[in-house]
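Okay, structure first, notes after.
A short reminder: the numbers here are calculations on the coordinates, not readings from a lab. It should be emphasised that the depicted structure is a prediction, and the values quoted were computed from it without experimental measurement. Here Cβ is always computed from backbone atoms with ideal geometry, including for glycine, and neighbour counts include all displayed protein chains.
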Amino acid sequence: MKLLIVGLDGLGSENIETFGMVRLLKRMQAGTIGNPQVAYRMSRGWPEIFSGTTAEQSGAYYQIPVRTSKGRVIPTQKTGLGQVEKTVGVENMLWNRLTALGYDMSVMTVPTVTKPLELPGFSIAATGGGKFGNSLGAEDLFPADLLRHAMIADLDLGLRMGYGGFLPSSLANMEQVANKHLSDYFQILRVALERRPSDAMFMASRFINEMSYKFTALINSDPTDPDARALRELILALCDRFDSMLDKLIEELAPENLFVVSDHGICEFKAEINLNEALVDMGLLQRDPVRQAARQGRHAYKRMRAKQPRTPIVPNSYRFEASKAFSIGYIDALYLTDQRFGGPSMDAGTRAREAETLANQLNDYWSSKAPEAGVTFSVTGNSPYSGNAETAEAGGVPNPDILCHTPRGTANEKQTDGLISTREFDFGKSLYQKGFPGEFSGVKSSDTFAGYVGPHADAVTLEKLTDLYGSILAVAERAK
């Protein structure tokens, strides 16, 4: 194979070591290694890699607020491949650029690419877009008969864990499901390559991402509880198996040019903040007790009927449309409630001045109320990654006005009722009764891992995620 791109969701310089990816690390240390940075935490890193554009340019944010026809402001995650294709152009997607260079290109389960792509090789869509936990089908494949007579029962190549996804009922159940996922993934990949040979491929896995989000605090500890100790031993054994299977595949494919890329790292989740609670205390945001009561009622009913654990937390509800500013949660950013969300009309200058004023007020508030949080604020326009913000906003994707800068291991998850709370974890038997959220003991970090092994290292830049796009194309042009 001339070009192999291995995408490992959530792989950072820390967890590639702590989770025991020793073979991969040794292989990549023979080449060029870097820590390319995403624009900021709410950017979707994978679109930056496969489009070469920032979230400000493409609109591919992790989550964005939208105003419904009824006037409510709600979050949405519809900012993956479809959004990027609209703003950047289908022809500029990495796989189409590589195809135009003459490669028989294939793509397998690249995050946010939730539809099959028509390529000279093959394509297998990633989980997402409402497909969490659903079994893979012909509608996820190109060509549709790619796995004819080779399909596997309950084939889920995403292994999404947590409330709403897979929740292990026991240590044995965790072992069986994880091992099946690993076996299925590499078996399906080999079948696809045999049937549609390719000289270039972008393959990706979420396995390390799932292990790290759930179990980083466990891996970083020395538990005395026997159940927690057994779980830690299992997680490390599973990661070792994944590392071994990936290493064997790379050996078989013998790529002339190998890239390993990721969208972010994952570190231990130390503290959780709630930006909206600060805005409530400052008189800039209103809670919504009616909606909160309704959500709690629905949640209690679902918990009563559920056959598996459900999250015990129902986050506070807020009236974003009746506020002066808000955060939709899960991203470290705030929006002014202007005409985009049913608020007063602001021109660009007024919006910038209002954002500057609020950023200063927030800095004063947090330094006096919760200095231990260590958070600071700045207007988006001061970001060193600011790009053509008008491009995304013209397409209906609002850009945030204020960024919140948090210490490593701190995130705005919107779950806590107060300004800040420290995280505590129980990895004993109760884990299987209570379940856990998607981001349990790990949280995004900026130590994103990327590397290249091959003869064209002088063409590779690893400073920002968007650099990977140009680096891959530069190497591909030379290799062809």
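With Cα atoms defining each centre, segment 405-439 and segment 13-61 are spaced 24 Å apart in the structure. Placing a pseudo-label 7 Å from each Cα along the Cα-to-Cβ vector at Tyr365 and Lys180 gives an inter-label distance of 4.8 nm. Placing +1 on the Cβ of every Lys and Arg and -1 on the Cβ of every Asp and Glu, with no other charges, gives segment 133-260 a dipole of roughly 200 debye about its Cα centre.
Relative to the longest principal axis of the Cα atoms of the chain, helix 289-305 runs at roughly 40 degrees. Just to confirm a number: summing +1 for Lys and Arg and -1 for Asp and Glu over residues other than Asp104 whose beta-carbon lies under 12 angstrom from that of Asp104, what do you get? Neighbourhood net charge equals +2.
Alpha-carbon geometry of segment 233-273: the Rg and the Dmax are 15.2, 46 Å, given in that order. Here the contact order of segment 271-422, divided by its residue count and restricted to Cα pairs under 8 Å and six or more residues apart, works out to 38 percent. Counted by neighbouring Cβ atoms within 10 Å, the residues His181, His456 run from fewest to most as His456, His181. Structural descriptor for the chain: relative contact order 30 percent, calculated from alpha carbon pairs under 8 angstrom and at least 6 residues apart. Under a model in which nothing but the beta-carbon of Lys, Arg (+1) and Asp, Glu (-1) is charged, the chain shows a dipole of about 1500 debye around its Cα centre. Translational diffusion of segment 1-104 was estimated from the Stokes-Einstein equation, with Rh taken as the Kirkwood radius over Cα pairs; at 25 °C and 0.890 mPa s the coefficient is 151 µm²/s. In terms of the mean number of neighbouring beta-carbon atoms within 10 Å, the peptides 310-316, 102-108 order highest first as 102-108, 310-316.
Measure nothing but the geometry: give the 0 to 90° angle between the long axis through the Cα atoms of 207-219 and the longest principal axis through the Cα atoms of the chain, rounded to 10°. Tilt of helix 207-219: around 60 degrees.
Over all Cα atoms in the chain, the spread is summed up by Rg and Dmax: 22.4, 65 Å. As a proxy for reagent exposure, ranking Met282, Met211, Met93 by other Cβ atoms within 10 Å from fewest up yields Met282, Met93, Met211. Run the numbers on segment 36-128 and let me know its relative contact order in percent, using alpha-carbon pairs under 8 Å that are six or more apart. Once divided by the residue count of segment 36-128, the mean separation gives 20 percent.
Based on Cβ point charges of +1 for Lys and Arg and -1 for Asp and Glu, what charge dipole magnitude is obtained for segment 59-166 about its Cα centre, in debye rounded to the nearest 20?
It comes to approximately 680 debye.
With contributions of -39500 (n - 2.57) from each DSSP H run of at least four residues, the per-residue ellipticity at 222 nm computed over the chain stands at -11000 deg cm²/dmol.
Over segment 271-422, the reciprocal of the mean inverse Cα-Cα separation, the Kirkwood hydrodynamic radius, stands at 16.7 Å. For chymotrypsin sites (Phe, Trp or Tyr not before Pro), no site in segment 122-202 is both called loop by DSSP and has at most 13 other Cβ atoms within 10 Å. Using 19 Å as the Cα-Cα cut-off, could you pick out the over-long pairs in Lys86/Lys324; Lys180/Lys302; Lys302/Lys434? From Lys86/Lys324; Lys180/Lys302; Lys302/Lys434, over 19 Å: Lys86/Lys324; Lys180/Lys302.
Projecting the Cα atoms of Ala355, Ser69, Phe436 onto the dipole axis of the chain, where Lys and Arg carry +1 and Asp and Glu carry -1 at the beta carbon, places Ser69 farthest toward the positive end.
Of Trp46, Trp95, the sequence from fewest to most neighbouring Cβ atoms within 10 angstrom is Trp95, Trp46.
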